[in-house]
Amino acid sequence: MKLKTMLRIAGALHFCVLIASALVPRGLHWRENLAPLPRLVRQLFWVYGAFIVLCIASFGTLTLLHATRMAEGDAVVRSLCAFIALFWLTRLGVQLFVVDGRGENSQADCS
């Protein structure tokens, strides 16, 4: 498979992540679980979530629009690729080593 095709698939997968992410607030009962928190903390939680959504949408859009230049190895888009890779590697590391899904609000408790 050509690198350009793989990049387009990766760009599209960013939007699949966003679709899955849209289910998280309801699945994890954010409204109920965040209700006891101070208003500012609740608002920050939603704002941070919105910024993550914007970042992932930007990653997908830029990858789809510039797959050819990324595949050619242009220095600027290589930097973008490196940043996207760092973002997802950090996200994976946090998921594996920081987030504890065994707590009282684990997925098993979210029905």
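Of note:
- Arg42 being more than 11 Å from Ala12 (Cα to Cα) and surrounded by 14 or more Cβ atoms within 10 Å (Cβ to Cβ): yes
- Leading residue by the ranking (nearest to Lys2 (Cα to Cα)) among those in the range 67-81 that are of a type in the set (Gly, Ala, Ser) and touching a helix residue (DSSP H, G or I) at 6+ places or on another chain (Cβ under 6 Å): Ala71
- Subset tally (residues that are more than 15 Å from the chain's Cα centre (by Cα), aliphatic (A, V, I, L, M) and surrounded by 14 or more Cβ atoms within 10 Å (Cβ to Cβ)) for the range 45-74: 4
- Whichever residue in the range 73-111 is among the acidic types (Asp, Glu) and either assigned to a loop (DSSP other than H, G, I, E, B) or modelled with pLDDT of 90 or more (or both) and, among such residues, is farthest from Gly27 (Cα to Cα): Asp74
- You will find that of Leu44, Leu13, Leu54, Leu40, the residue that is assigned to a helix (DSSP H, G or I) and touching a residue at least 12 places away in the same chain (Cβ under 8 Å) is Leu13 and no other.
- The selection criterion, being of a type in the set (Lys, Arg), loosely packed, with under 12 Cβ neighbours inside 10 Å, without any contact (Cβ under 8 Å) to a residue 60 or more places away in the chain and assigned to a helix (DSSP H, G or I), holds for Arg26.
The values are calculated or read from the model by the stated rules, or taken from the named source; none is laboratory data. Keep in mind that what you see is a predicted model, and the values were worked out from it rather than measured. Heads up, the Cβs are rebuilt from the backbone with ideal geometry, glycines too, and the neighbour counts pull from every protein chain shown.
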